[in-house]
1. Got a number for residues in the stretch 125-159 being modelled with pLDDT of 85 or more and charged (D, E, K, R)?
2. Return yes when R41 is closer than 30 Å to I107 by Cα, of a type outside the set (S, T, N, Q) and out of contact with any helix residue (DSSP H, G or I) (no Cβ under 8 Å at 6 or more places or on another chain) and no when it is not.
3. Of the numbered conditions (1) open to solvent by less than 90 Å² (accessible area, probe 1.4 Å); (2) modelled with pLDDT under 95; (3) not in a loop (DSSP other than H, G, I, E, B), E169 fails exactly one; give the number of that condition.
4. Can you confirm whether F112 is surrounded by 12 or more Cβ atoms within 10 Å (Cβ to Cβ), modelled with pLDDT under 95 and not in a helix (DSSP H, G or I)?
5. Taking the stretch 65-90, which residues are assigned to a strand (DSSP E or B), in contact with a Lys or Arg (Cβ under 7 Å, 6 or more places away or on another chain) and without any contact (Cβ under 8 Å) to a residue 12 or more places away in the chain?
6. Applying the selection to the stretch 117-138, what residues are over 18 Å from L90 (Cα atoms) and either open to solvent by 60 Å² or more (accessible area, probe 1.4 Å) or over 20 Å from the mean Cα position of the chain (by Cα) (or both)?
7. Please work out if F93 is touching a residue at least 12 places away in the same chain (Cβ under 8 Å), on the phi < 0 side of the Ramachandran plot, aromatic (F, W, Y) and outside any strand (DSSP E or B).
8. Inside the stretch 64-101, can you point out the residues that are open to solvent by 50 Å² or more (accessible area, probe 1.4 Å) and either hydroxyl-bearing (S, T, Y) or closer than 18 Å to L131 by Cβ (or both)?
Amino acid sequence: MAPIPGSGLAKGLAVTLRTMTRKTVTEQYPDVQPELPPRTRGVIGLFEENCTVCMLCARECPDWCIYIDSHKETVPPAAPGGRERSRNVLDRFAIDFALCMYCGICIEVCPFDALFWSPEFEYAETDIHELTHERDKLREWMWTVPSPPALDPAAEEPKELASARKTAEKLAASQAEPKPDTPEGADS
């Protein structure tokens, strides 16, 4: 069956008329904050304690907007007779948000959960050089990172938690179990 000539035009005009008769909804942005989805990509926060200076985020960044400087420090042996170890110490961690394309690759590749998305999006600056956020500023953004969503109550308990819980229950049971008293005068 061939379409009726002009039916597409009629459908388009019907949609236009329907939209024109609806009341517009304008959000008064500066006065009323928008309702953002929970996974909004605003700014990247740094949890510095988890950063091991592995440089994965800087290597994987397609825009090369992450700058990391570090130095090596020797750590004394943990036990007497052990050997000294060396570890990386973070000197500088900066992200240039003027270059960042908010792809999230740096957050995904971080094996130590040191980078997180914050829903904050109001960090405009008048000078482009101010958009390079150093580690102090990135640490401040961590306070705005929402907590992770709750686990599905019907989901299976993670194996790590299950084994830790069983171990704790066994330890509590062995401590709560009364020890049998030996009769007086019996040799052990």
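1. Final tally of qualifying residues: 9.
2. Numbers: closer than 30 Å to I107 by Cα: yes; of a type outside the set (S, T, N, Q): yes; out of contact with any helix residue (DSSP H, G or I) (no Cβ under 8 Å at 6 or more places or on another chain): yes.
Yes: the conditions hold for R41.
3. All conditions pass for E169, except number (1).
4. Values: surrounded by 12 or more Cβ atoms within 10 Å (Cβ to Cβ): yes; modelled with pLDDT under 95: yes; not in a helix (DSSP H, G or I): yes.
Taking the combined requirement at face value, the residue satisfies it.
5. Passing the criteria: none in range.
6. Of the residues in the stretch 117-138, the ones over 18 Å from L90 (Cα atoms) are 117-131.
Hits for the stretch 117-138 are E120, F121, E122, A124, E125, T126, D127, I128, H129, E130, L131.
7. Details: touching a residue at least 12 places away in the same chain (Cβ under 8 Å): yes; on the phi < 0 side of the Ramachandran plot: yes; aromatic (F, W, Y): yes; outside any strand (DSSP E or B): no.
Taking the combined requirement at face value, the residue does not satisfy it.
8. W64, Y67, S70, T74, S86, R92, L99, M101
The values are calculated or read from the model by the stated rules, or taken from the named source; none is laboratory data. Since this is a predicted model, take the numbers as computed values, not measurements. Every residue, glycine among them, receives a Cβ derived from its backbone with ideal geometry; neighbour counts consider all protein chains shown. These accessible areas exclude ligands, DNA and RNA; they are computed on the full protein's heavy atoms, side chains included. Shrake-Rupley method; radii C 1.70, N 1.55, O 1.52, S 1.80 Å.
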